[in-house]
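Reviewing the structure listed below.
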Amino acid sequence: MTEAPTGDDAGPDGRVVLITGGSRGIGSACARWFLSQGDRVAVTSRSGVVEDDLGPSDRLLSLACDVTDPAQVEAAYGAIEEAWGPVEVLVANAGITRDTLVLRMSEESWSDVIDTNLTGVFRVTKRAVGKMVRQHRGRIIIVSSVSAFIGSAGQANYAAAKAGLVGMARSLAREVASRAITVNVIAPGLVETDMLAALGEERKTAFASQVPLGRIARPEEIAAVVGFLSSEEAGYITGAVVPVDGGLAMGM
């Protein structure tokens, strides 16, 4: 497991980390990873409720925040900064699905997914970058999806949003590189989450058979890559898209 930065890059209380969509699944696993490194972690979700036993309560801040609402995003950052100071590591993970075929997809289903999964990431990232630029350091990790590269029937809205994150991240990476801020994207494949569990065992087995490694990822495996990209050792990586998909999208 990669150690968290020390010295000038991390104070005696660890770094200040914000994870959107941190109440369960990949977000929850990321929160556990950072807490295990001694960082202070704020997690947001629409409900503000997180899974039990994430970590020490004095290093964990749970906030209700709908990323489609600029006022709630600003309020969340204000609460974090009042408690601990500026966000040093942002993991933009919040996302939703409204799956259906394009011919049946409503304008609302399209716009809800784009506003949450793409514009919502823009909102939280823009708010973080201002303080990072002043500090001349920062790590931004954006969670995209294998769907951005291989497509997925019934997920045109989701795939479009996740593909848009790549262009946004690479543009931002160029804008802030001179301030020692890195911006990277991870593209998970099939991951053991509540969303996948809802499909049932038969469909999960069918999906897993399409993965070269022959299995579905654990959330902790995604969190480990997020953790590495936030680390001092990854300081020369920016604008990258890192697949964590068992080989599902290789060659794309």
Go through segment 84-111 and give me each residue that's in contact (Cβ under 8 Å) with a residue 40 or more places away in the chain and in a helix (DSSP H, G or I).
102, 109, 110
Can you pull out every residue in segment 219-252 that is charged (D, E, K, R), free of Cβ contacts under 8 Å to residues at least 40 places away in the same chain and assigned to a loop (DSSP other than H, G, I, E, B)?
none
So which residues in segment 163-187 are touching a residue at least 60 places away in the same chain (Cβ under 8 Å) and either open to solvent by 10 Å² or more (accessible area, probe 1.4 Å) or hydroxyl-bearing (Ser, Thr, Tyr) (or both)?
166, 170, 174, 177
When segment 131-156 is checked residue by residue, the ones that are touching a residue at least 60 places away in the same chain (Cβ under 8 Å) and over 13 Å from the mean Cα position of the chain (by Cα) are 137, 146, 149, 150
I'd like the full set of residues that are without any contact (Cβ under 8 Å) to a residue 40 or more places away in the chain and under 12 Å from the mean Cα position of the chain (by Cα), limited to segment 24-49.
31, 43
Condition met for residue 208 (among the small types (Gly, Ala, Ser) and in contact with a Lys or Arg (Cβ under 7 Å, 6 or more places away or on another chain))
yes
I'm trying to understand the selection: among the residues of segment 69-87, which are over 12 Å from residue 44 (Cβ atoms) and open to solvent by less than 40 Å² (accessible area, probe 1.4 Å)?
78, 85
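The values are calculated or read from the model by the stated rules, or taken from the named source; none is laboratory data. Remember, predicted model here, so these are calculated numbers, not experimental data. All Cβ positions, even for glycine, are placed from backbone atoms using ideal geometry, and neighbour counts span all protein chains on display. Ligands, DNA and RNA are excluded from the accessible area calculation, which covers all protein heavy atoms including side chains. Shrake-Rupley method; radii C 1.70, N 1.55, O 1.52, S 1.80 Å.
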